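**Student:** Right, I'll just put the structure down here and ask away after.
The values are calculated or read from the model by the stated rules, or taken from the named source; none is laboratory data. All of these numbers come straight from a predicted model, not from anything done at the bench. No Cβ is skipped: glycine too gets one built from the backbone with ideal geometry, and neighbour counts run over all protein chains shown. Just the protein is used for accessible areas: all its heavy atoms, side chains included, with ligands, DNA and RNA removed. Shrake-Rupley method; radii C 1.70, N 1.55, O 1.52, S 1.80 Å.
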Amino acid sequence: MLVEYDLDALGRRAHKERIAAGPPTMWRYSDFLPVTKLGRVVSLGEGFTPLVPAGAVGRRIGLPRLMVKDEGPNPTGTFKARGASCGVSMAVQLGIRRVTLPTAGNAGGAWACYGAAAGLEVRVVMPRDAPRANRLECELFGAEVMLVSGTVSDATRLVAEMVESPGWFDVSTLKEPYRIEGKKTLGLEIAEQLGWRMPDAIVYPAGGGVGIIGIWRAVQQLRALGWLRGDSPRLMVTQAEGCAPIVEAFERGLEESLTWRHPRTFAHGLRIQKAPGSFLVLRAIRETGGTAVAVGDTEIADAMAALGGAGISACPEGAATLAAAARLRERGDLGPKDRVVLINTGNALKYPEAMEVATGG
Ligand SMILES: *Cc1c(COP(=O)(O)O)cnc(C)c1O
């Protein structure tokens, strides 16, 4: 499910000046969001994160105009806060009291946090081998945590069974349309921060792909309003070599991805065997002239260290975009003049094991 807007009405309502004068959170774009009762918004200061120039890191891979959209400063340390803030606000507006979701880890943490702030009951289902920090943060925020043997796909099945009985509302990716709207603000923000001109390319680490679908929707809506100067950005997706169903589908010309059998990567957010929205991710890539590339865990660890050396705390998923950009530059998909934005989806602090690998410890 996706939210559709009356773009004519949106065009009459929204003004760049009003956005510029708005709060330093993603709610400065409330005209572009589904919440109508703004007094009920559940906000903890998410969004309006820095777009950091990363020329020193970029020059080493032939991309001097590299920038990093750093999502680490968000509440719960990842961009999942955007989806949770919008989703929980809508749940409150719609009178929903109990929500449940499957997660690789960070979505659970964000929903537990925003759910707690809103006084909702939250039940999170995650794989037993999800990062310890995620299980603990969910418990800290008072959510009920269920651990399943297996993967996010197994957690998804369990959630689907649970919501058969009344009382619990399923906020899984794309079953609930508002998470994507929250993540759409990433694209709106990049546009505003660059003076309403998009970069030449955006590199995104796709698990379920919610973020890149959101960015694509931002570009489409801004285009429809005539707000964007210059071209649309080419949307580029990276995944880990040990779990790359969308990259595989892109390379084979498929319209949706197949199920990846044995997901193996230390970038937990990318261990999604089959994304329900893979067809949308693939459309976003193809319609914008983008591409997809898989990178290995060793490259990801090296990229974490490289970003760390520039003062950027990158989670493995976020660091994968730097490894991907290096590959894309080598194979000619990115050129030396391109303005490239990497989405660092979260802070390294939640991943002590990955930091150990990255520092050779
Ligand atoms: C969830 C997550 C991703 C993947 O996001 P999708 O929207 O599912 O593609 C990437 N990085 C981190 C840190 C995440 O938590």
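**Student:** Taking Tyr29 and the conditions (1) touching a residue at least 60 places away in the same chain (Cβ under 8 Å); (2) part of a loop (DSSP other than H, G, I, E, B); (3) out of contact with any strand residue (DSSP E or B) (no Cβ under 9 Å at 6 or more places or on another chain), which numbered condition does it fall short on, given that it satisfies the others?
**Tutor:** That leaves (2) as the condition not met.
**Student:** Quick check on region 307-357: of everything there that is among the hydrophobic types (A, V, I, L, M, F, W, C), open to solvent by 20 Å² or more (accessible area, probe 1.4 Å) and in a helix (DSSP H, G or I), which residue is farthest from the ligand (Cβ to nearest atom)?
**Tutor:** Ala326
**Student:** Continuing with the same structure: Which one is nearest to the ligand (Cβ to nearest atom), of the residues in region 53-63 that are open to solvent by less than 10 Å² (accessible area, probe 1.4 Å) and assigned to a loop (DSSP other than H, G, I, E, B)?
**Tutor:** Going through the qualifying residues, I end up with Ala54.
**Student:** Being touching a Lys or Arg at 6+ places or on another chain (Cβ under 9 Å) and without any contact (Cβ under 8 Å) to a residue 60 or more places away in the chain is the filter here, so list the residues in region 47-65 that pass it.
**Tutor:** Those that are touching a Lys or Arg at 6+ places or on another chain (Cβ under 9 Å) and without any contact (Cβ under 8 Å) to a residue 60 or more places away in the chain: Pro50, Pro53, Gly55.
**Student:** Which of the numbered conditions does Asp129 fail, given that it passes all the others? Conditions: (1) touching a residue at least 24 places away in the same chain (Cβ under 8 Å); (2) more than 13 Å from the ligand (Cβ to nearest atom); (3) closer than 20 Å to Lys274 by Cβ.
**Tutor:** Of the numbered conditions (1) touching a residue at least 24 places away in the same chain (Cβ under 8 Å); (2) more than 13 Å from the ligand (Cβ to nearest atom); (3) closer than 20 Å to Lys274 by Cβ, the odd one out for Asp129 is (1).
**Student:** Suppose the filter is without any contact (Cβ under 8 Å) to a residue 60 or more places away in the chain, of a type outside the set (D, E, K, R) and touching a Lys or Arg at 6+ places or on another chain (Cβ under 8 Å); does Ala249 pass it?
**Tutor:** No; evaluated as a whole, the condition is false for this residue.
**Student:** Test of understanding: among Ala107, Ala116, which residue is buried (at least 24 other Cβ atoms within 10 Å of the Cβ) and in a helix (DSSP H, G or I)?
**Tutor:** Exactly one residue qualifies, and that residue is Ala107.
**Student:** Is it true that some residue in region 84-104 is within 13 Å of the ligand (Cβ to nearest atom) and assigned to a loop (DSSP other than H, G, I, E, B)?
**Tutor:** Within region 84-104, one or more residues are within 13 Å of the ligand (Cβ to nearest atom) and assigned to a loop (DSSP other than H, G, I, E, B).
Matching residues to (1) surrounded by 24 or more Cβ atoms within 10 Å (Cβ to Cβ); (2) closer than 27 Å to Ala160 by Cβ; (3) at pLDDT 95 or above; (4) within 10 Å of the ligand (Cβ to nearest atom):
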position: Gly187; (1), (2), (3), (4): yes, no, yes, no
position: Val210; (1), (2), (3), (4): yes, yes, no, yes
position: Arg217; (1), (2), (3), (4): no, yes, yes, no
position: Leu228; (1), (2), (3), (4): no, no, yes, no
position: Gly242; (1), (2), (3), (4): no, yes, yes, no
position: Glu251; (1), (2), (3), (4): no, no, yes, no
position: Leu258; (1), (2), (3), (4): no, yes, yes, no
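**Student:** Let me ask you something else. Among the residues of region 263-285, is any more than 12 Å from the ligand (Cβ to nearest atom), farther than 24 Å from Lys80 by Cα and open to solvent by 70 Å² or more (accessible area, probe 1.4 Å)?
**Tutor:** no
**Student:** Considering every residue within region 190-201, establish whether at least one is in contact with a helix residue (DSSP H, G or I) (Cβ under 7 Å, 6 or more places away or on another chain), modelled with pLDDT of 95 or more and among the charged types (D, E, K, R).
**Tutor:** Checking region 190-201: at least one residue is in contact with a helix residue (DSSP H, G or I) (Cβ under 7 Å, 6 or more places away or on another chain), modelled with pLDDT of 95 or more and among the charged types (D, E, K, R).
**Student:** Further question on the same structure: Could you list, in sequence order, all residues of region 64-98 that are among the β-branched types (Val, Ile, Thr) and buried (at least 24 other Cβ atoms within 10 Å of the Cβ)?
**Tutor:** Val68, Thr76, Thr78, Val88
**Student:** State yes or no: is Val293 in a strand (DSSP E or B) and within 12 Å of the ligand (Cβ to nearest atom)?
**Tutor:** no
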